[in-house]
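S.K.: Once you've had a glance at the structure underneath, I'll fire off some questions.
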Amino acid sequence: MSFDHFDYKGARFVRKVHTEESLNHAENEFEVFDDDIYNVTYPKSGTNWMIEILNLIKHKGDVTKTNAVSIHMRSPWFEKVVSCKHIDKLDSPRIISSHLPHHIFAKSYFKSKAKIIYTMRNPRDVIVSMFHFTKILNIFTPPDNFQDFVEDFIQGKSLYGSWFDHVKGWMQMKDDERFFFITYEELLQDHRGSVIRICKFLGQELDDAQIDLVVKHSTFQSMKDNPMSNWSQIPSEIMDQSKGAFMRKGISGDWKNHFTVAQSEYFDKIYQEKMKDFNMSFFWEQSS
Ligand code: A3P
């Protein structure tokens with residue numbers, strides 16, 4: 001995966017989008033408020049889906065309120081250079097996104113009562129989603145071939161470093177009451193049930209009709225059709241959606257259309273090695 005990058009504490013970042021200063025600020029100086037809600041993911045795991053869900057929950061399903069601000073500014077990534085100005089405009093409770101690995105996350109979080117929702121996705125589908133994403137976002141040199149792309153992902157040469165380290169790092173918090181984890185696949189399988197679980201974790205009481213609205217406005221099709229949620233407000237020099245949609249397929253298992261049998265077996269072997277000391281199993285380990 002080719003992009004102008006630098007490494008910071010073992011993870012890989014895009015030059016200009018991040019700087020050493022922005023990361024140092026995020027890690028050591030950023031002030032977390034007790035009522036903040038953090039939407040944390042490894043890239044391409046359903047970050048924007050969760051932004052939509054959390055903002056709709058905050059506004060009890062009122063899409064006119066969530067549509068007041070385009071999705072890329074609604075819940076900014078606090079580690080990015082450009083985000084400060086957007087974060088300053090957020091009202092309480094702030095919903096803030098991050099792809100940072102656990103070991104670089106805001107230190108002030110660990111002394112706060114703020115909540116984190118961590119969304120994970122089958123890494124094979126993350127690879128595929130990222131592969132297509134690199135063709136439309138100008139920070140990337142479009143990949144030569146899929147095999148090299150998979151290898152870079154395995155080696156942790158992707159955006160934000162290793163998926164394996166990210167998941168293992170964050171899941172150290174799995175028993176913390178301020179931490180909620182969910183998978184993209186659970187969201188797909190039971191969208192409404194997942195929204196109810198998230199509301200419960202956040203202590204938000206929505207009635208049935210409000211939950212229905214949250215679900216209705218956060219389906220793949222609603223978000224794809226919504227100019228405030230489909231990233232079409234980003235200039236095409238930065239993200240060229242004539243080459244592929246940001247809201248691409250929104251399914252689980254598209255990896256089967258991209259991996260050869262040999263690539264899939266190779267990935268399984270690496271996955272097992274890297275996750276062997278990790279005593280949790282995920283849905284995708286049975287179904288892949
Ligand atoms: P695909 O490329 O597989 O379609 P992120 O927001 O972390 O960048 O993740 C983007 C992925 O989430 C894309 O996956 C996108 O289509 C998918 N996605 C976004 N909103 C979704 C929704 N409402 N339902 C299902 N998938 C969604």
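The values are calculated or read from the model by the stated rules, or taken from the named source; none is laboratory data. None of the values given here were measured: they were computed from a predicted structure. Heads up, the Cβs are rebuilt from the backbone with ideal geometry, glycines too, and the neighbour counts pull from every protein chain shown. Side chains included, ligands, DNA and RNA excluded: accessible areas come from the protein's heavy atoms. Shrake-Rupley method; radii C 1.70, N 1.55, O 1.52, S 1.80 Å.
S.K.: Under the 0.36 nm per residue contour assumption, what length would be gained going from the current alpha-carbon distance of Q272 and R192 to full extension?
M.R.: Here the segment from Q272 to R192 would lengthen by 25.6 nm.
S.K.: May I ask you to list the residues of the stretch 42-58 whose amide nitrogen lies under 18 Å from a point 7 Å from Cα along the Cα→beta-carbon direction of I139?
M.R.: Once the point is set 7 Å along Cα→Cβ of I139, 42-49, 51 turn out to lie under 18 Å by backbone N, inside the stretch 42-58.
S.K.: Could you work out, for the chain, what percent of all Cα-Cα pairs fall into each 5 Å distance bin, beginning at 0 Å and stopping at the bin that holds the largest distance?
M.R.: P(r) for the chain, in whole percents per bin: 1, 5, 12, 17, 20, 18, 15, 9, 3, 1.
S.K.: Can you work out the accessible area per residue across the stretch 234-288, with the rest of the protein chains kept in place, probe 1.4 Å, in square angstrom?
M.R.: Result: 63 Å² of accessible area for each residue.
S.K.: What is the antiparallel percent of DSSP beta bridges lying wholly in the chain, to the nearest 5?
M.R.: 30
S.K.: Can you pick out the pairs among K44/K115; K16/K243; K111/K224; K80/K249; K168/K200 whose Cα atoms lie more than 30 Å from each other?
M.R.: K111/K224
S.K.: Next question, about the same structure. Per DSSP H run of at least 4 residues, take -39500 (n - 2.57); add these up for the chain, divide by its residues and hand me the 222 nm value, nearest 500 deg cm²/dmol.
M.R.: Estimated from H runs of four or more residues: -10500 deg cm²/dmol.
S.K.: Taking the C-alpha atoms of the stretch 238-285, how large are the radius of gyration and the largest Cα-Cα span, Dmax, in Å?
M.R.: Every Cα atom of the stretch 238-285 included, Rg and Dmax give 15.1, 43 Å.
S.K.: On each of the three principal axes of the Cα atoms of the stretch 20-171, give max minus min coordinate, whole Å, ordered largest first.
M.R.: On the principal axes, the stretch 20-171 reaches 44, 34, 27 Å in Cα extent.
S.K.: Considering only protein heavy atoms and a 1.4 Å probe, what is the carbon-and-sulfur percentage of the accessible area of the chain?
M.R.: Ligands and nucleic acids excluded, carbon and sulfur reach 51 percent.
S.K.: Once fully extended, how much extra length lies between K107 and T219, figured as 0.36 nm per residue of separation less the alpha-carbon to alpha-carbon distance?
M.R.: Between K107 and T219, full extension yields 36.9 nm more.
S.K.: Once all Cα-Cα distances of the stretch 139-271 are split into 10 Å bins that start at 0, what whole-number percent is in each one?
M.R.: All Cα pairs, binned at 10 Å, distribute as 9, 26, 36, 25, 4 percent.
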